[in-house]
Every structure is written in structure tokens, then in C-alpha cells.
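> Please find one structure pasted underneath; my questions will follow.
Here, each number is a calculation from the coordinates, and none is a lab measurement. Bear in mind the structure is a predicted one, so any value in this text is a computation, not a measurement. Using ideal geometry, Cβ is built from the backbone for each residue, glycine included, and neighbour counts are taken over all protein chains shown.
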Amino acid sequence: MKDTNKHQGLRNQLVKQLQDKGITDNNVLSAIGEIPRHLFLNSSFEDFAYQDKAFPIGADQTISQPYTVAFQSQLLELQKNHKVLEIGTGSGYQTAVLCKMGASVYSIERQNELFKKTSRLLPNMGIRPKKLIFGDGYKGLEVDAPFDSIIVTAGAPFIPQPLMAQLKIGGRLVIPVGDKEQIMTLLIRKNETQFEKHEFGDFKFVPLLENKN
Ligand code: SAH
């Protein structure tokens, strides 16, 4: 598949929709306007790739809805060269958006099939995360901690303690918490022991799976 003017036109429309739904961070909007989402999907989804919807990506997983990607990315309040840990690489679309925003991205995926596929796809598109890791996101990534922010892109039954521990003071953890439906939750680390918590309404994610590697 190629990236054409038609796709660019569809991306511009998607960006307008996201603005209408309340996304204001220009860094987020311009990254979504540039990343060719159709290349992260099977070619049979090419005509739908710029709808604001989640789609299957294999291994029973989904690429997040663009609004969700935008909403989570906006909550991170990224600055250039921020060190970001993503849990749930999946298709690599969210990873690509974060890279395009100028972050230094570390991303963990527990499905080997998706890990391998995305590890090939991103460099082919000229997108270079700092590290893609095959492993269990519940543990975070101790060797590269601390992080300016951490984004979890699967529904977590609870907030894994290692992720809180691997956040810089002032750092932000964005995580959907819950079983069937999740509440988008933002934790801001105030100091060694204290975190400020904000909640942002309901979202629906595939589950963050534990102890299954
Ligand atoms: N950010 C992805 C969203 C993929 S869906 C995208 O833009 O496409 C969530 C992903 O989290 C799935 O690929 C799933 O395999 C992965 N996942 C679930 N539990 C995990 C865990 N414990 N550690 C790492 N990845 C996990």
C-alpha cells in the first residue's frame, strides 16, 4: 500500500473530527495528520482506516480508536525528547504518533506475533522508537527508568505498582483502569510517595493480561 493525496485528505478530515471532539494539542493533531494509519492495518481496511474507530490487528487485539490515541497522547503533555514508556505496542500506531511528537519511545508488547510484525513495520516507515521490547508490561522497564511519562494502551484491572515506581517526579502515567469498561486515569507523581489522581470518563480497551508470557 502507498500513501497518497487521497489518504492525506482523509487524514485532514480525521484531524478536524478530533478537534470537534475536543482535542486541542497541536502537537498531537499534527502527528495524527502525518502518520499514515492505513499502513498499520490489513489492506482490507484501507477504505476505513481514517474513520474514528478501532479495528482488528490480529492476535485478538485492536488498534485504538484515533480519538483515544489523541486523548491519551494529549494527557501526557509531551515535550520534545521526553522519555516515554508505552505498554501495549500492538500495531505500533500509537508508538508512531509519540515518535512523531518528538518523544524518545520505549514500548512493550506481550504478543510475539504483533511484536515481530511491528518491529519490522516501524523502521520500514522511517519511524524509530528507542526500544521495542517483547515482554510483560506489568513489570514496566526497570533498566531504562525513570520515565517522563508512561502510557498504557490496554485496560488494566489495577494500576501496576512498578509503573508508578518508574515515573520521574512530576511525571505522568496515563492508564485506563477497569475490567469491562475502563476509566481513563491520570496519575501525576508529586514526590517519592505521593501521586495526584485525575479521572476522565469511560473508554473501552482490550485487557492488559498478566502472567501470560
Ligand atoms: N497501542 C496499540 C494498541 C494495541 S491494543 C495500537 O496503537 O495499536 C493493546 C495491546 O496491549 C495489545 O497488542 C496486547 O497484546 C498488549 N498487551 C496486553 N497485555 C499486555 C502486557 N501485560 N504487556 C504488554 N502488552 C500487553
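> Of the options Gln161, Phe48, Gln194, report the single residue whose Cα projects farthest towards the positive end of the charge dipole of the chain (beta-carbon charges: Lys, Arg +1; Asp, Glu -1).
Checking the options against the dipole of the chain, the answer is Phe48.
> Along each of its three principal axes, how wide is the spread of alpha-carbon positions in segment 38-135, in whole angstrom units, largest first?
The principal-axis extents, from largest down, are 35, 27, 22 Å.
> Could you work out how far helix 112-124 tilts from the main Cα principal axis of the chain, as a 0 to 90 degree angle to the nearest 10?
Taking the Cα atoms of the chain, the angle to 112-124 is about 60 degrees.
> What is the sum of charges around Ile169, taking Lys and Arg as +1, Asp and Glu as -1, for the other residues whose C-beta is under 13 Å from the C-beta of Ile169?
So the surrounding residues net to +1.
> By how many nm would the segment from Asn42 to Gln161 grow when fully extended, if each residue of separation counts as 0.36 nm and the alpha-carbon distance is taken off? If you can, show how the numbers build up before the last one.
Numbers: separation 119, 0.36 × 119 = 42.84 nm, distance 3.55 nm.
Full-extension gain reported as 39.3 nm.
> Follow-up. Take Glu113 and Asp3, extend 7 Å from each Cα along the Cα→Cβ direction, and tell me the distance between the two endpoints in nm.
In this crude label model, Glu113 to Asp3 measures out at 2.7 nm.
> Same structure, new question: So how far apart, in nm, are the two label points at Thr24 and Asp202 if each is 7 Å from Cα heading toward Cβ?
Between Thr24 and Asp202, the label points sit 2.6 nm apart.
> Another question about this same structure. Please sort 28-35, 203-210, 192-199 by packing, taking for each peptide the average over its residues of neighbouring beta carbons within 10 angstrom, highest first.
Put in order of decreasing packing, that is 28-35, 203-210, 192-199.
> If the only charges are +1 at each Lys and Arg Cβ and -1 at each Asp and Glu Cβ, what is the size of the charge dipole of the chain around the Cα centre, to the nearest 20 debye?
On the way: 26 positive and 23 negative charges, 111 e Å.
Roughly 540 debye, rounded to the nearest 20.
> Run the Debye formula on the Cα coordinates of the chain, all scatterers equal and no solvent, and tell me log10 I(q)/I(0) at q = 0.08, 0.10 1/Å.
-0.24, -0.38
> Based on DSSP, what percent of beta bridges with both residues in the chain are antiparallel, to the nearest 5? Walk me through the numbers before you get to the answer.
Numbers: 16 of 35 bridges.
The answer is about 45 percent antiparallel.
> With runs of 4+ DSSP H residues as the only contributors, calculate the mean residue ellipticity of the chain at 222 nm using -39,500 (n - 2.57) per run, divided by the residue total and rounded to the nearest 500.
Working: 6 runs with 61 residues, N = 213.
Calculated at 222 nm, the ellipticity per residue is -8500 deg cm²/dmol.
> Kindly state, to the nearest 0.05, the FRET efficiency for Phe195 paired with Gln79, given R0 = 22 Å and r defined as their beta-carbon distance.
Between Phe195 and Gln79 the formula returns 0.60.
> If a/c stays under 1.5 just call it rounded; otherwise compare a/b with b/c (prolate if a/b is bigger, oblate if not). Do that for segment 131-210, with a ≥ b ≥ c from the square roots of the Cα gyration tensor eigenvalues.
oblate
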